[in-house]
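A.B. asks: Just passing along the structure, written as structure tokens.
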Amino acid sequence: MTVRNRLSLQFTLISGIILSGIFVVIYFLSARFMKYYFYNLLKERAYITAQVFLERDELAVRKFMDIQQKYLESIPGETLNIYDENNQPVFLEESKYNWPPSLVNMVRAKGEYRFTFKDKPGLGIYYKDNQGNFVVIAVARNKYGKAQLNNLAWILFTLFILGLLIIFFSSRWYARKALQPIKDVNRQVKDIRANNLHLRVARGKNQDEMDELARNFNDLLERLEIAFARQQSFVNNASHELRTPLTTIIGEIEVSLQKERNPQEYVQTLRSVLDESEKLHRISNGLLMLAQTDWWDLPGNMQFLRLDELLTELKENRTKEETLHLTIAPINHPEKVYTLFGNRELLKLAIENIIKNGFKYSHNQPVNVELIYKNEQLLLTVSDQGIGIPEKDLENIFMPLFRGENARTYKGYGIGLPLSEKIIQFHKGKILVKSIVEKGTHFTIIFPISL
Ligand code: ADP
């Protein structure tokens with residue numbers, strides 16, 4: 001069942017329950033009122049009868065005529081009886097019944113008594129008069145009241161059915177209108193495929209939940225598009241990086257097999273094949289390491305380590321061509337502030353990758369490393385004076401196997417930075433980069449610390 005139909009049915013059901021409740025209350029209140037009204041009528045009739053027949057001689061002529069006029073408008077099936085103190089009937093009008101003394105006594109005892117006889121409402125009053133005290137009993141069929149009630153029941157029933165139909169169709173119309181934006185989004189989403197991820201869902205006119213849904217969906221598409229583009233670019237980079245050494249290996253072997261070679265030439269070919277195979281080996285190892293980062297058993301090898309000491313160690317490991325200027329901001333309690341909880345080997349690898357790039361892409365010009373503590377964060381910066389990174393490459397350098405446009409002539413595989421980024425992220429840190437082509441590159445690694 002569609003949401004639209006379900007909503008309309010549920011709404012109709014709820015409205016039906018409320019409507020029937022209201023109509024039942026209306027019906028019973030009307031029935032009560034009619035009953036009350038009819039008893040009042042009977043009472044009036046009983047008094048008139050008493051006045052006409054017991055005080056006829058004492059009434060002014062005008063009044064008597066007035067009463068008689070009223071009296072003539074009798075009620076269908078009406079019976080009026082008057083009894084004296086001895087329970088003897090003194091007046092039986094169209095008498096069909098002679099009431100038992102118990103009823104007459106009851107009226108006398110109560111002053112006014114209501115009862116139902118053969119489905120007809122009846123009322124007795126105790127009427128005190130100078131000629132004696134009498135009991136007047138009036139019974140009549142509430143024909144008009146019943147007809148009116150029946151009529152009311154039919155009107156309410158028809159209104160109920162009509163109301164339900166109107167509610168059902170209007171709620172269907174309303175549900176369709178309310179769900180239209182979802183339908184629109186649905187239709188647009190159907191058209192979005194992997195090859196047209198640039199498409200976006202149209203936003204609503206109002207700033208409501210539907211607009212939020214469309215906005216979130218568009219954000220999701222944006223992220224998917226970026227992820228797709230990255231994936232695509234990774235496949236391109238991977239195939240390039242893997243194909244180049246393979247092509248070289250195949251070419252070398254084919255050339256050597258073309259004719260008989262001397263041992264020196266074979267050695268040269270084998271060396272070249274070995275070089276390229278090592279390259280392939282390193283790339284596949286790097287990729288494997290990157291792919292396995294999710295399974296690193298980090299907690300098992302975590303320890304408290306001093307970042308300043310780790311940097312000093314990295315400085316000491318430099319070759320004689322590499323000059324590293326290390327600045328560690330002097331602070332109180334470095335043993336507390338510069339201590340991180342992490343995996344020493346991995347952190348060393350991550351920072352070494354970045355420092356090594358600094359030397360590689362600057363032909364071994366000095367690299368500056370600085371460690372400072374600011375706003376409950378450790379900021380580690382690595383700056384070089386190398387070739388820099390073109391702006392369009394900046395967002396891709398952390399992608400596996402990506403190599404910058406101006407870096408192709410330098411040895412490398414595009415594994416170092418993605419690996420460093422993963423390691424830093426594992427330590428809840430982040431890495432930022434700023435660069436100016438031909439001027440140099442500035443990496444900032446930020447580690448949060450809680451003292
Ligand atoms: P590799 O250096 O082996 O190519 P990396 O993952 O370490 O791989 O770096 C990816 C790319 O980022 C490099 O190819 C290069 O274009 C760019 N890059 C990284 N560090 C620097 C740097 N210090 N100076 C200029 N370019 C850099």
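The values are calculated or read from the model by the stated rules, or taken from the named source; none is laboratory data. Keep in mind the model is a prediction, meaning the values are calculated, not measured. So basically every Cβ, Gly included, is an ideal-geometry build from the backbone, and we count neighbours across all protein chains shown. To get the accessible areas, we keep the full protein, side chains included, count just its heavy atoms, and leave off ligands, DNA and RNA. Shrake-Rupley method; radii C 1.70, N 1.55, O 1.52, S 1.80 Å.
A.B. asks: If you take the square roots of the eigenvalues of the alpha-carbon gyration tensor of the stretch 195-339 and sort them as a ≥ b ≥ c, do you get rounded (a/c under 1.5), prolate (a/b over b/c) or oblate?
C.D. replies: oblate
A.B. asks: With each pseudo-label sitting 7 Å past Cα toward Cβ, what's the Leu152-Asn130 distance in nm, one decimal?
C.D. replies: Placing both labels 7 Å beyond Cα along the Cβ direction yields 4.4 nm.
A.B. asks: Relative to the Cα centre, what is the charge dipole magnitude of the stretch 302-448, using +1 at the beta carbon of each Lys and Arg, -1 at the beta carbon of each Asp and Glu, and rounding to the nearest 20 debye?
C.D. replies: Using Cβ point charges on Lys, Arg, Asp and Glu, the stretch 302-448 gives about 200 debye.
A.B. asks: While we're looking at this one, here's another question. On a 0 to 90 degree scale, rounded to 10, what angle separates helix 101-110 from the longest Cα axis of the chain?
C.D. replies: 60
A.B. asks: With angles folded into 0 to 90 degrees, how steeply does helix 344-360 sit against the dominant principal axis of the chain? Use alpha carbons for both and round to 10.
C.D. replies: Helix 344-360 and the main axis of the chain meet at about 60 degrees.
A.B. asks: Which of the listed residues, Thr312, Asn237, Asn301, is farthest toward the dipole's positive end in the stretch 185-321, when Lys, Arg count +1 and Asp, Glu count -1 at the beta-carbon?
C.D. replies: Value computed over the given set: Asn237.
A.B. asks: Now for a different question. Per the helix-only calculation at 222 nm, which mean residue ellipticity applies to the chain, given -39500 (n - 2.57) for every DSSP H run of n ≥ 4 and division by its residues, nearest 500 deg cm²/dmol?
C.D. replies: The helix-only estimate for the chain comes to -19000 deg cm²/dmol at 222 nm.
A.B. asks: When the accessible area of the chain is split by element with a 1.4 Å probe, what percent falls to carbon and sulfur?
C.D. replies: Answer for the chain: carbon and sulfur cover 57 percent of the accessible area.
A.B. asks: Given the C-alpha centroids of the stretch 102-178 and the stretch 245-268, what is the distance between them in whole angstrom?
C.D. replies: So the two Cα centres are separated by 115 Å.
A.B. asks: If you filter the stretch 8-46 for trypsin sites (Lys or Arg not before Pro), then keep DSSP loop positions with at most 14 other Cβ within 10 Å, what is left? Can you show the working numbers first?
C.D. replies: On the way: sites: Arg32, Lys35, Lys43, Arg45; in loops: none.
Of the trypsin sites (Lys or Arg not before Pro), not one in the loops of the stretch 8-46 has a Cβ with at most 14 other Cβ atoms within 10 Å.
A.B. asks: Which one, Asn285, Leu274, Leu224, is farthest towards the positive end of the dipole of the stretch 209-291 when Lys and Arg carry +1 and Asp and Glu -1 on their Cβ?
C.D. replies: Leu274
A.B. asks: Moving on to the next point. What do you get for the angle between helix 263-291 and the principal long axis of the chain? Use alpha-carbon atoms, 0 to 90 degrees, nearest ten.
C.D. replies: Between the helix axis and the principal axis of the chain, the angle is about 30 degrees.
A.B. asks: Say each of Ile22 and Tyr36 gets a label point 7 Å from the Cα, pointing the same way as Cα to Cβ; how far apart are those two points in nm?
C.D. replies: Using points 7 Å along Cα→Cβ, the separation is 2.2 nm.
A.B. asks: With every protein chain left in place, what is the accessible area per residue of the chain in square angstrom, probe 1.4 Å?
C.D. replies: Each residue of the chain exposes 63 Å² on average to a 1.4 Å probe.
A.B. asks: Evaluate the charge dipole of the stretch 273-355 about its Cα centre and quote only its size in Debye, nearest 20, assuming +1 on the Cβ of each Lys and Arg and -1 on the Cβ of each Asp and Glu. Can you show the working numbers first?
C.D. replies: Working: 9 positive and 14 negative charges, 45 e Å.
So the magnitude is around 220 debye.
A.B. asks: Now for a separate question. Could you tell me how far the Cα centroid of the stretch 1-29 sits from the Cα centroid of the stretch 354-413, in Å?
C.D. replies: The distance from the Cα centre of the stretch 354-413 to that of the stretch 1-29 comes to 70 Å.
A.B. asks: Among His325, Leu149, Tyr47, whose Cα sits farthest toward the positive end of the charge dipole of the chain (+1 at Cβ of Lys/Arg, -1 at Cβ of Asp/Glu, about the Cα centre)?
C.D. replies: After comparing all options, I get Tyr47.
A.B. asks: Taking R0 as 25 Å, what's the FRET efficiency between Lys315 and Thr293 from their Cβ-Cβ distance, rounded to 0.05?
C.D. replies: 0.40
A.B. asks: While we're on this one: Given a Förster radius of 35 Å and the C-beta distance between Asp191 and Glu395 as r, what FRET efficiency does 1/(1 + (r/R0)^6) yield to the nearest 0.05? All intermediate terms of the calculation are to be shown ahead of the outcome.
C.D. replies: Values: r = 28 Å, r/R0 = 0.81.
The formula returns an efficiency of 0.80 here.
A.B. asks: To the nearest 20 debye, what charge dipole does the chain have about its Cα centre, counting +1 at the Cβ of each Lys and Arg and -1 at the Cβ of each Asp and Glu? List each step's numbers first, then the result.
C.D. replies: On the way: 58 positive and 51 negative charges, 359 e Å.
Once rounded to the nearest 20, the dipole reads 1720 debye.
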